[in-house]
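Each remark here refers to the structure printed beneath this line.
The values are calculated or read from the model by the stated rules, or taken from the named source; none is laboratory data. Just so we're clear, the structure is a prediction, and the values are computed from it rather than from any experiment. No Cβ is skipped: glycine too gets one built from the backbone with ideal geometry, and neighbour counts run over all protein chains shown. Note: areas computed on protein heavy atoms with side chains; ligands, DNA, RNA excluded. Shrake-Rupley method; radii C 1.70, N 1.55, O 1.52, S 1.80 Å.
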Amino acid sequence: QLQLEESGGGLVQPGGSLRLSCAASGFTLDYYAIGWFRQAPGKEREGVSISSSDGETNYADSVKGRFTISRDNAKNTVSLQMDSLKPEDTAVYYCAAAPTFELPPLLETFFRSWGQGTQVTVSS
């Protein structure tokens, strides 16, 4: 059974950093694009970043230059390095998998499998 599990969330001060990890089990990442999404209280879930199976990446404008997505297919993990964090980055962060070799748009509809999410809170 295809499963995703996020880890690495927590409380951090503005300007700080966190590194989220997404561990996949039941399938190999070689054939999937992996995306990171987030949902803040009272807001819709939005795309943050995405990595295709061969490492091509894309980012939401709001996180470009601050977040970096990377993947280790051998370890079946995808990470999201988040630097220069802002209070508006506070949200539950989810990783999701799309069964494609291409780089899909940062839209939920392209992703079939989701993790349970990890809370990121940016506050002083």
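Go through (1) open to solvent by 60 Å² or more (accessible area, probe 1.4 Å); (2) modelled with pLDDT of 95 or more and name the single condition Gln1 misses.
That leaves (2) as the condition not met.
Select the strands (runs of 3 or more DSSP E) contained entirely in the stretch 36-124, then report the ones holding at least 2 residues which are out of contact with any helix residue (DSSP H, G or I) (no Cβ under 6 Å at 6 or more places or on another chain), hydrophobic (A, V, I, L, M, F, W, C) and buried (at least 17 other Cβ atoms within 10 Å of the Cβ). Walk me through how you get there before you give the answer.
On the way: elements: 46-51, 57-59, 67-72, 77-82, 91-98, 118-122.
Answer list for the stretch 36-124: 46-51, 67-72, 77-82, 91-98.
Identify all residues within the stretch 19-35 that are hydrophobic (A, V, I, L, M, F, W, C), surrounded by fewer than 21 Cβ atoms within 10 Å (Cβ to Cβ) and at pLDDT 95 or above; write none if there are none.
Result: Ala23, single match.
Six or more apart or on different chains, Cβ under 9 Å: which pairs go from a residue in the stretch 22-44 that's at positive phi to one that's modelled with pLDDT under 95 and assigned to a loop (DSSP other than H, G, I, E, B)? Could you list them?
Between residues of the stretch 22-44 that are at positive phi and residues that are modelled with pLDDT under 95 and assigned to a loop (DSSP other than H, G, I, E, B), the close pairs are Gly26/Gln1; Gly26/Leu2.
Within the stretch 69-124, can you find the residues that are closer than 29 Å to Gln13 by Cβ and small (Gly, Ala, Ser)?
Matches in the stretch 69-124: Ser70, Ser79, Ser84, Ala91, Ala96, Gly115, Gly117, Ser123, Ser124.
Can you tell me which condition Gly26 does not meet? The list is (1) within 17 Å of Glu6 (Cα to Cα); (2) within 14 Å of the chain's Cα centre (by Cα); (3) of a type in the set (Gly, Ala, Ser), and all the others hold.
(2)
Can you confirm whether the stretch 7-30 contains a residue that is under 18 Å from Pro105 (Cα atoms) and assigned to a loop (DSSP other than H, G, I, E, B)?
no
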